[in-house]
Amino acid sequence: MKKKLILLFSFLFFFVMAGQGQAFKTANAKEISLFPQQNAFRNTLNLSGVWKFKKDSLNVGESEKWFNGLRNSRPIAVPGSWNDQFEEFSDYVGKAWYETDTFIPESWKGQRIFIRVGAATYAAKIWINGKPLGLHEGGQMPFAFEINSLIKWHAVNRIAIQVENILKPNRVPTGGDVETKFFHNTPATNYDFFPFSGLNRAVWLYTVPAKTAISDVIVQTGFQGTVGIISVHVKTAGAAETGIVSISGGRDNIRIPFHITAGAGQAILKIPDVRLWSPVDPFLYNVTVSITEDKKIVDQYLVQTGVRTITATNKQVLLNGKPIFLKGFGKHEDFSISGRGTSLPVMIKDFSLLKWIGANSFRTSHYPYDEEYMNMADREGFLIIDEIPAVGLYFHGDTTALKQRQAQCKQDIEELINRDKNHPSVIMWSVANEPFGSATFQVQSASTPDAASGADRGMVCLGELMQLAKKKDPTRLVTFAGVMGGPQKWHTLGDVVCLNRYWGWYVGGGNIPGASTSISNELDAIYKATQKPIMLTEFGADANIPGHTDQPKMYTEEYQRDLIKAYLEVADTKDFVFGMHVWCFADFKTSAASMRPGGMNYKGVFTRDRKPKLSALYLKSRWSNEAKRDSTVRR
Ligand code: GCB
């Protein structure tokens, strides 16, 4: 009898546990294809504000059912990283809970209602009214779930989100107990920026029509002579058989009907005397897709986009068929107190400084940025290298962790291209920053395979990621940013070569003429081997010694300026160099480490509070003088 009872309880326990596991849906990358939009057919509600918050360092929140209401919580701002909002949270690694509540407007009845979280670093689980909804892994990408079956009408709805930020080798970006570690820091990241955590971006509720709706719009552009060509692929759910694409904003309004078969349709529109999108004239057309049932419009979605092409020859990158030189920076989403949380004033200030200094581009190092950045770049005319959070990749050691990480990188690519595919500003997908073969930092040990196998495995992994990006989006270039000393053969995989180089800083520190010679020789050698256009996606020096000096030694503003100048002068002599991005735009917070005084990286040409250093003044004068001579760059 006793035995039977034990068996029965074990079964029950198993089913309850299995039931709990199954009750959470895994996020579907397709659900983030269209940003929430308010129009006559769709609704939005931004839940940004002050939420309830509680640390779960003992990991008891789920068993104690915190999803039914947080007791003894404290207020927290959403969006915003948790780290700098409270004194004792700076380095917290573990779980924490967020809660808010909301009514659902009566007028939303009869529509499909979704929740969309802009970013939860690294992973999240959502409960609505105490019931499990869904989970997502990947700290810099949005995710969305339908919530109709869990909501209450005429009552308050409780939304609980558990966020977990544990640093692990199988995660993207990598951290924690990484075998043969390169970084020795706290918190233990395997990358050089602070692991700001929490709900870093806005949370939205939104609706789409229930019966028949647009589920995706993919806009691809080109031109022949003076005629612009916009191809619009539409995906639908439900019974719509026809639709209309209209284009406005330019000289003429153009409307083209299209048919929908098996949930898909396509319209190709021609725009006479097209106004091409570029940094000099970031002109956006309004592309409105409407779908109809019984001759009535039942759903609509607006995409604002520019008409432009981006291609590469064996020496140059061409925007609209003309060579373009990328001037700008690697950046971070980083500011004091808000951390990596979206701060619109900081974003506006950054774009204003990018214009002030004469830049025309930036890389979203080392993770995708808030979607408002992409909208701003479209409007303001900046070219973006859009990067997934694959920083700190290595290819030696535990193959299970490597496989899990590779799957996460693929998910990140799927999600990123779904999210950002319609932005004219995005010209290139970067599938990794500074992956390293085991030889790179002499990190071989008895438990790790030899250098060659690290480089070979990397070739396969990076190759898969680039192929996936190319297959999903053949209209843009693909690349990755390569580390000093990294395997050269990896650079044969992309459309262009991107290099991060620190001659004169980490190697040959203090010796600027030596740095010039080294970078010049290396560029020639890599071009000879790859026959692809090359850009430097990072070069620079820390500058944090107050005051000025007639002795441009390392860490002074003078040294930073002179090193940047030396690199730019070398690039001037190479016709296969298509861009120079200084590392970094502004000083930013890192984990605590011996080379990071006060947990800061000081390679910004602006301070963390956006004051220009000498190098910013130098770049401004150089880039504005160039703009006077070259009509393809921003004036
Ligand atoms: C790099 C990394 C970047 C670091 C930078 C540095 O190569 O890509 O994340 O912050 O070097 O300053 O060391």
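The values are calculated or read from the model by the stated rules, or taken from the named source; none is laboratory data. A quick note: this is a predicted structure, and the numbers were derived from the prediction, not measured. Ideal geometry is used to build each Cβ from the backbone, glycine not excepted, and the neighbour counts take in all protein chains shown.
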Quick check: anything in segment 579-597 under 27 Å from Phe89 (Cα atoms), among the basic types (Lys, Arg), in a loop (DSSP other than H, G, I, E, B) and under 27 Å from the mean Cα position of the chain (by Cα)?
no
Have a look at Leu563, Leu619 and point out the one that is crowded, with 21+ Cβ neighbours inside 10 Å, modelled with pLDDT of 95 or more and within 13 Å of the ligand (Cβ to nearest atom).
Leu563
Given (1) in a helix (DSSP H, G or I); (2) surrounded by 21 or more Cβ atoms within 10 Å (Cβ to Cβ); (3) in contact with a Lys or Arg (Cβ under 9 Å, 6 or more places away or on another chain); (4) not aliphatic (A, V, I, L, M), number of the condition Gly540 does not satisfy
(1)
Checking Glu522, Glu557 in turn, the sole residue that is within 31 Å of the chain's Cα centre (by Cα), modelled with pLDDT of 95 or more and over 17 Å from Gly579 (Cα atoms) turns out to be Glu557
Tyr369 - would you say it is modelled with pLDDT of 95 or more, under 28 Å from Arg275 (Cβ atoms) and part of a loop (DSSP other than H, G, I, E, B)?
yes
Considering segment 45-62 alone, what residues qualify as being hydroxyl-bearing (Ser, Thr, Tyr) and more than 18 Å from Ile126 (Cβ to Cβ)?
Ser57
Determine which single condition Gly508 fails, assuming it passes every other condition in (1) within 16 Å of the ligand (Cβ to nearest atom); (2) farther than 15 Å from Phe578 by Cα; (3) in contact (Cβ under 8 Å) with a residue 12 or more places away in the chain.
(3)
Since His396 meets every condition but one in (1) surrounded by fewer than 24 Cβ atoms within 10 Å (Cβ to Cβ); (2) farther than 24 Å from Leu536 by Cα; (3) at pLDDT below 95, which condition does it not meet?
(1)
